[in-house]
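Quick notes on the structure that follows.
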């Protein structure tokens, strides 16, 4: 079955940038685009083990009459076929259930109420919840549309990083774009990461499918990230550390998110893909 | 170490799609455990579960099942197996068939009797004389003889036999078709009739050519 | 050592019954606690606000309470939902009992505000959803499977009802009859344990009080005969109350008053009613108690008036957006029905030897409950348990069974389930609708080995047909790969035997392009009715103009059967 991306459309200039990025994503990867034009401020997503209520801010409901036309116009620019999602089930009136069997979902960096924080490197709690329970990776768009020409996987050696790497290779295969690896080697030496890859059974896959591996061992975490290209799609694992560590120091993913302006694909713990 | 089955193995055994099985696991309809990030179930437990739910377990994909029917290997090998016989005699249809059956190889004594009865039974329904002096006697269905591979026995008669063929001509060549399964039988029948539609080949056949020459001619046509 | 312990744990986890039973006690206790909390706060609000109702401005209290509750529910928590029971049933039937965590306390607070300030509604539905949400979230925390989660949701509901009425069997019966709809040992044992736990929590914290103290009734033959009259009155009142609730909701939705002000309008109207008839305010347990004890001193006409007013107040409160359930108002209206009926009988036939009016109040209560909820067993067991006696069991069974049957004839959907039935989301386990909703089109799609190109000649198609076992062939556009139509071998048969056509006809000309297509996300029930309507054995599944596969009746039957077997269990 073909891959499908779910995009929640916001009929504003900011939402337009976001849709442009989704369209670029769909065009380069040959993914079907499904757009939900919100009909009320809340919707529910029922995952396998959890459910998430997403509360949209008021701007998502602006001028609903022109939303479909606007979305279509943009899609025509990219020659991408769009399916508009009409919710079939409602938990309560005004509370539609949005299906969850997509391959990707596009979230602006914060899909929650706190619109002020969009673009300020703040991963909304709802985006976390979605990434944590979904079987699809979350595509997080930047503030403005910028087409990317390569894929960079942020590899930390953890289990989730292996998942992220698999998705990175998958994207590379489907788009024909070069895949690069980026590793900031805190505490570990280069051999450690090679070993992690071998254990995950990914070592043999890399040879012909990864064009470069940037292993950075000097400078701070923030400095290291200058090595990541400006026109690349970053692929990250969602949960790389324990809960307590995240609470104390903030998650690494969130740090990257705050630091990097690129579009990102956040791979959660339940996302599986065959390489 | 107990044998554990993965999702994929269970899905093939139940012959259901992976998506359905994943849903069943999620809904708790089948007791599979998540071990090292993968859902597995012990083999005995799975079998007990399937038995309790009266679900059929299909053969595993591991060992390739020996196929029950031999594959059709062409008209030429079938003719080689069936043999070619010359100068048979008989003044009626029954006598001719009797003579032909007596010559057919690979048959037990008891089977010969059955085959003959079946051939006669078929002839009584409608003549198998397809015209131009050729007949294709064959049983109506699998005669129930232990024949692994289909065979065609070609019999040339010393003088033509009245056969009620569709064009009324007497028959001088009989090709007796025998096989172990109905499906192979039909395939063989359709192939041989296809060759016999070819006029030069038909005329050549009627000259009762030597065995090797006939087989070479057929190989050439293929 | 650790390894051995882990293996033990794995065995424990693998047997779902054990873990569910262990969790059930916890869930029952938690939801029992929630029910006690709501009960206590209602008591507190009742005594604290009692004096204010005597002032002239006491009229606005219900309005204020209802508004606050709406603000809490819709603005603070963004809950966006009704009284809760349909949501629980919906979650159980469609999403394996997933409920939001916020639901575990939202209705407690909002219904406390509504009812405590005088709104006419019941606290039972709110505690049911709270308990259910607690059960669901506890199950989620321990990452249980859906089936176990559903059982725990039921446990939460049972614990809550058992605790609020101090009635364990009612909790069990209500859950099975209304929430889950399936009687299986897998469910019933944990739910019974949860009901016991809930009751025990309530007894520990509030003492072992029977809500409506026990009376002795002597039931004679005339009472049984008279109970048939209760059936008729209760049926009529149930249907009227159901229509009033629905109608009032419709009226409220049609007005142009902003949603947050609507509860205030309803509340104000209830407040005004309350000036003249203070009985209508609140959940009304006190009045029920009086009626059962036979100390409700108002006359026949006044009782009728109170009954009508209570119905109106309930419709106003719930229809205009107050928060609460229908259970307690049903009890009060039901007991009024019994009382009025009894007084009417004694008035026209003063010589008849009937039991006292408390007994008829009980019958009316059971009748109305059975009628509104269409759950006769819940009605019977509730009355038996809350009065602590079996004296009235015979007429009780007659009234409950008949009222629910009659109400079903007039109004096939009960108050709780009406929404779901109207939306086609009433999916009880083991039913056709449930099996179809569980199966998805994508699970049934069969890939087709050969796709035909639109520009193919009939001759080429014949060579494909010769090798193929199929009798349906999808046709795609040679350039874009888009789906164009279907070839039905049985419909083009005349051309297959016409040699002259072999080089002339193209597949495009032979295919049928108006065959309805199915999308992978379509509901199976719709697909089936489409198949039946078009009289087709199989339909093409098309996604984004690309052909995905065929959905055939034979595959469906195979999977349907397996699904039903697995769903129904052994």
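Only the coordinates and a few stated rules stand behind these numbers; no lab work does. Note that this is a predicted model, so its numbers are computed, not measured. Every residue, glycine among them, receives a Cβ derived from its backbone with ideal geometry; neighbour counts consider all protein chains shown.
Normalised by residue number, the volume inside the convex hull of the Cα atoms of chain B is 199 Å³ per residue. Counts of other chain beta carbons within 10 angstrom of each beta carbon in peptide C:74-80 average 4. With N the number of residues in chain A, Rg(Cα) / (2.2 N^0.38 Å) evaluates to 0.98. Counting Cβ atoms of other protein chains within 10 Å of each residue's Cβ and taking the mean over peptide C:362-374 gives 0.
The alpha carbons of the range B:4-52 stretch over 26, 20, 18 Å along the principal axes, in descending order. Residue order for A:254, A:274, B:121, fewest other beta carbons within 10 angstrom first, comes to A:274, B:121, A:254. Debye sum, Cα scatterers, the protein assembly as shown, no solvent: what log₁₀ I/I(0) at q = 0.06, 0.08, 0.09, 0.10 1/Å? Per q value, in the given order, log10 I(q)/I(0) is -0.65, -0.96, -1.10, -1.24. When you work out D = kT/(6 pi eta Rh) for chain C at 10 °C and 1.306 mPa s, using the Kirkwood radius from C-alpha pairs as Rh and the Stokes-Einstein form, the result is 60 µm²/s. Relative to the longest principal axis of the Cα atoms of chain C, the long axis of helix C:357-373 lies at roughly 20 degrees.
Averaged over the residues of C:98-106, the number of partner chain Cβ atoms lying within 10 Å of the residue Cβ comes to 2. Label reach from residue C:423 (point 7 Å along Cα→C-beta): in the range A:60-95, amide nitrogens under 13 Å belong to A:87-95.
Here the peptides C:460-468, C:377-385, B:91-99 are ranked by packing, the mean other Cβ count within 10 Å, and the order with the highest first is C:377-385, B:91-99, C:460-468.
From most to least packed by mean Cβ count within 10 Å, the peptides A:61-68, A:35-42 give A:35-42, A:61-68. Using the average count of surrounding beta-carbon atoms within 10 Å as a protection proxy, the listed peptides B:73-81, C:539-547, C:475-483 rank, highest first, as C:539-547, B:73-81, C:475-483. Once the convex hull of all Cα atoms in the range C:35-83 is built, its volume per residue stands at 89 Å³. Remark: C-alpha extents of the range C:289-417 on the principal axes read 45, 30, 28 Å, sorted largest to smallest. Taking other C-beta atoms within 10 angstrom as a stand-in for reagent exposure, C:327, B:157 fall in the order B:157, C:327, fewest first.
Note on the range C:101-220: the alpha carbon radius of gyration divided by the globular reference 2.2 N^0.38 Å gives 1.13.
If R0 is taken as 56 Å, the Cβ-Cβ distance between residue B:112 and residue A:101 corresponds to a FRET efficiency of 0.30. Between residue C:346 and residue C:260, the distance separating the two model label sites (each 7 Å from Cα on the Cα→Cβ line) works out to 5.1 nm. Calculated from the alpha-carbon coordinates, the range C:55-94 shows an Rg and a Dmax of 14.7, 49 Å respectively. Shown is the FRET efficiency for residue C:498 and residue C:534, computed with R0 = 25 Å from the Cβ-Cβ distance and rounded to the nearest 0.05: 0.35.
Applying 1/(1 + (r/R0)^6) with r as the Cβ-Cβ distance of residue B:76 and residue B:38 and R0 = 51 angstrom yields a FRET efficiency of 0.50.
Between residue C:564 and residue A:206, the simple label model (points 7 Å from Cα in the Cβ direction) yields a spacing of 5.4 nm. Each 10 Å bin from zero up to the one holding the largest Cα-Cα distance in the range C:189-257 carries the following percent of pairs: 15, 17, 19, 36, 12, 1. Measuring how big the range A:138-244 is from its alpha-carbon positions, Rg and Dmax come out at 13.6, 39 Å. Angle of helix C:553-568 to the longest C-alpha principal axis of chain C, folded into 0 to 90 degrees and rounded to 10: 30°.
Relative to the longest principal axis of the Cα atoms of chain A, the long axis of helix A:13-29 lies at roughly 60 degrees. Modelled label positions at residue A:191 and residue B:58, each set 7 Å beyond Cα in the direction of Cβ, lie 4.9 nm from each other.
Per residue of chain C, the DSSP helices (runs of n ≥ 4 H) give a summed -39500 (n - 2.57) that works out to -20500 deg cm²/dmol at 222 nm. Normalised by residue number, the volume inside the convex hull of the Cα atoms of the range C:436-568 is 104 Å³ per residue. Neighbour counts of other Cβ atoms within 10 Å put A:218, B:23 in the fewest-to-most order A:218, B:23.
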